[in-house]
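The values are calculated or read from the model by the stated rules, or taken from the named source; none is laboratory data. The model shown is predicted, which means the values in this text are computed figures rather than measured ones. Virtual Cβ from ideal backbone geometry, glycine too; neighbours counted across all protein chains shown.
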Amino acid sequence: MVRVGKFLVYLLFFITMVLYFLPKENLYFLLEQELAKKEIFISNEEIKEKAFGLELQNATISYEGIEAAQLKSLDINLFLLYNSLDLQEIELSSLIANYWPQKIQECHLSYSILSPLQIEGVAQGVFGTIEAHYMIKEATLTVILHPSKIMLKKYRSTLRYFKKLKNGEYSYEKSL
């Protein structure tokens, strides 16, 4: 029993050290290369490496050469069993101002080994609150919107793409 305990402690220590000394900036640059293949570019960012993650500040995201968003802070946490991505103060491009509010206060995306085929996300902004689930195997995205009063008044044309639920929420589902 003592041997099993020692083995588990050493294994946990080894995994922790691997995650701690992992070249996170190099992994980030590899991610940038993969996103570039899909014409998504992250620029003007300031990169700060943390013990178990990476923090980007003041980043600009472009899609197909068009500036899509400005991020004040993007915090990537890499743990073996649970990984998360936290975005703060996102300002979307003025090109979508007629369809969706431009300000997003915060967004949290997470992936857990306990549900390996699902990525979950929650976002809060002028639009209200969004809960999103992406099912990896089926390649389907499900979004539940709890709209704010501004969203209900100014962006009715956008809400037409959503299915209204009985409890006042709106649902959107798409196969990707």
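Going through (1) farther than 27 Å from Ser73 by Cβ; (2) loosely packed, with under 11 Cβ neighbours inside 10 Å one by one, Ser171 falls short only on (2).
Here is a yes/no grid of residues against (1) over 26 Å from Glu45 (Cβ atoms); (2) at pLDDT below 95:
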{"position": "Tyr82", "(1), (2)": "no, yes"}
{"position": "Ser115", "(1), (2)": "yes, yes"}
{"position": "Thr140", "(1), (2)": "yes, no"}
{"position": "His146", "(1), (2)": "yes, no"}
{"position": "Tyr155", "(1), (2)": "yes, yes"}
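The one condition from (1) farther than 15 Å from Asp86 by Cα; (2) touching a strand residue (DSSP E or B) at 6+ places or on another chain (Cβ under 8 Å); (3) surrounded by fewer than 18 Cβ atoms within 10 Å (Cβ to Cβ) that Phe127 does not meet is (3). The C-beta contact set for region 60-89 (first residue closer than 21 Å to Leu117 by Cβ, second residue among the small types (Gly, Ala, Ser) and exposed (fewer than 14 other Cβ atoms within 10 Å of the Cβ), distance under 9 angstrom, 6+ apart or interchain) is empty.
Can you find a residue that is without any contact (Cβ under 8 Å) to a residue 24 or more places away in the chain, over 27 Å from Gln33 (Cβ atoms) and surrounded by 14 or more Cβ atoms within 10 Å (Cβ to Cβ) anywhere in region 93-106? There is at least one residue in region 93-106 that is without any contact (Cβ under 8 Å) to a residue 24 or more places away in the chain, over 27 Å from Gln33 (Cβ atoms) and surrounded by 14 or more Cβ atoms within 10 Å (Cβ to Cβ). Taking Glu120, is it modelled with pLDDT of 95 or more, on the phi > 0 side of the Ramachandran plot and either in contact with a Cys (Cβ under 9 Å, 6 or more places away or on another chain) or not in a loop (DSSP other than H, G, I, E, B) (or both)? No; evaluated as a whole, the condition is false for this residue.
None of Leu109, Leu159, Leu78 is under 26 Å from Leu27 (Cα atoms) and either touching a helix residue (DSSP H, G or I) at 6+ places or on another chain (Cβ under 7 Å) or at pLDDT below 95 (or both) except Leu78. In summary, Ser110 fulfils each of the numbered conditions (1) assigned to a strand (DSSP E or B); (2) over 18 Å from the mean Cα position of the chain (by Cα); (3) among the polar types (S, T, N, Q) with the single exception of condition (2). Filtered by the rule that a residue be part of a loop (DSSP other than H, G, I, E, B) and in contact with a strand residue (DSSP E or B) (Cβ under 7 Å, 6 or more places away or on another chain), region 23-48 gives Glu39, Asn44, Glu45.
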